[in-house]
Amino acid sequence: MTAQAGTGRTNQKQRTRTAILAAARELIGTGAEVTMPAIARAALVSEATAYRYFPDLPSLISEALAGVWPPPAEALAPVADSTDPVERIAFACEFLLRGILARQGSVRAMIAATITRPETVPTRPGIRFGLIDHALLPLEDTLGATDPDAFAQLKRDLAVVVSAEALFTLTDLCGLAPEEAVTSAVRTATTLTRAAAARSLT
C-alpha cells in the first residue's frame with residue numbers, strides 16, 4: 001500500500017467517525033429517542049459500521065455530548081456572586097433538569113444501557129456531581145468543616161434529587177408535566193439544602 005493510499009484510508013475513517021458523531025449530536029439535539037440504528041441511518045452508514053467505530057451506544061453518546069454541557073462554574077455563572085447555597089442549588093437543579101429535558105432521548109438511552117450493562121456506567125457524564133459541588137461551595141467552610149459527614153450526606157441526598165432518574169420518575173410514574181416535575185425537584189433540593197444549612201448555624 002502506498003503512503004498516499006494509507007493516508008486516504010485514514011482520512012476516510014476520520015470522515016466516517018466524524019459523520020457518526022455529527023449524526024448523533026443532531027439526533028440528541030432533537031430530544032427524540034436515540035438508538036444506534038437511527039444514528040447509523042442519519043450518518044449514511046450501516047449499523048455494523050457504527051459499531052466498528054463505537055463499541056456501544058453509551059460510548060457514542062458520551063463522546064457526542066463532550067463539550068455540550070458547560071463546566072460547573074460557567075453553568076452557575078448567573079449565581080456566582082450568591083453566598084446562599086439554597087439559591088445556588090435551586091439554580092443548579094433547574095439548569096440540569098432543563099438540559100436533560102432538551103436531550104432526554106439520549107439521557108434515557110444512556111440510563112437504559114447502563115442499567116442493563118453496569119460496566120458501561122463510567123461512560124455516563126455525571127454532570128450532576130460537579131454542579132452540586134459547585135453550588136454548595138458556600139457550605140464548605142461551615143457545614144463541611146464542622147460536620148463533614150453531614151455535608152457528604154447532603155451531597156448524596158442531592159445526587160438522588162438533582163438527576164435524570166428523579167425527573168423521569170416525576171414525569172413517567174407520577175404523571176407530572178415537565179414544568180411541574182422541574183418545580184417539584186427544585187423544591188425538594190432546596191428543602192434538603194435549607195435544612196442542612198440551618199444545621200451548620202446551630
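Does segment 187-198 contain any residue that is open to solvent by 20 Å² or more (accessible area, probe 1.4 Å), more than 17 Å from GLU87 (Cβ to Cβ) and either part of a helix (DSSP H, G or I) or of a type in the set (D, E, K, R) (or both)? For segment 187-198, residues open to solvent by 20 Å² or more (accessible area, probe 1.4 Å), more than 17 Å from GLU87 (Cβ to Cβ) and either part of a helix (DSSP H, G or I) or of a type in the set (D, E, K, R) (or both): absent.
Among the residues making up segment 66-109, those that are under 14 Å from the mean Cα position of the chain (by Cα), open to solvent by 20 Å² or more (accessible area, probe 1.4 Å) and aliphatic (A, V, I, L, M) are ALA66, VAL68, LEU101, ALA102, VAL107. Considering segment 1-32, the residues that are at pLDDT 85 or above and charged (D, E, K, R) include one that is farthest from ALA66 (Cα to Cα), namely LYS13. Within segment 50-78, being touching a residue at least 40 places away in the same chain (Cβ under 8 Å), closer than 23 Å to ALA185 by Cβ and part of a helix (DSSP H, G or I) holds for ILE61, LEU65, PRO72, ALA73, ALA75. Looking only at segment 124-140, filter to residues that are assigned to a loop (DSSP other than H, G, I, E, B) and within 10 Å of the chain's Cα centre (by Cα); which one of those is surrounded by the most Cβ atoms within 10 Å (Cβ to Cβ)? So, considering only residues that are assigned to a loop (DSSP other than H, G, I, E, B) and within 10 Å of the chain's Cα centre (by Cα), the one surrounded by the most Cβ atoms within 10 Å (Cβ to Cβ) is ARG124. Among the residues of segment 36-47, those identified as open to solvent by less than 60 Å² (accessible area, probe 1.4 Å) and either part of a helix (DSSP H, G or I) or touching a Gly at 6+ places or on another chain (Cβ under 9 Å) (or both) are MET36, PRO37, ALA38, ILE39, ALA40, ALA43.
The values are calculated or read from the model by the stated rules, or taken from the named source; none is laboratory data. As the structure is a computational prediction, the values presented were derived from the model and not from experiment. Virtual Cβ from ideal backbone geometry, glycine too; neighbours counted across all protein chains shown. When the accessible area is computed, the model is the full protein with side chains, heavy atoms only, and any ligands, DNA or RNA have been set aside. Shrake-Rupley method; radii C 1.70, N 1.55, O 1.52, S 1.80 Å.
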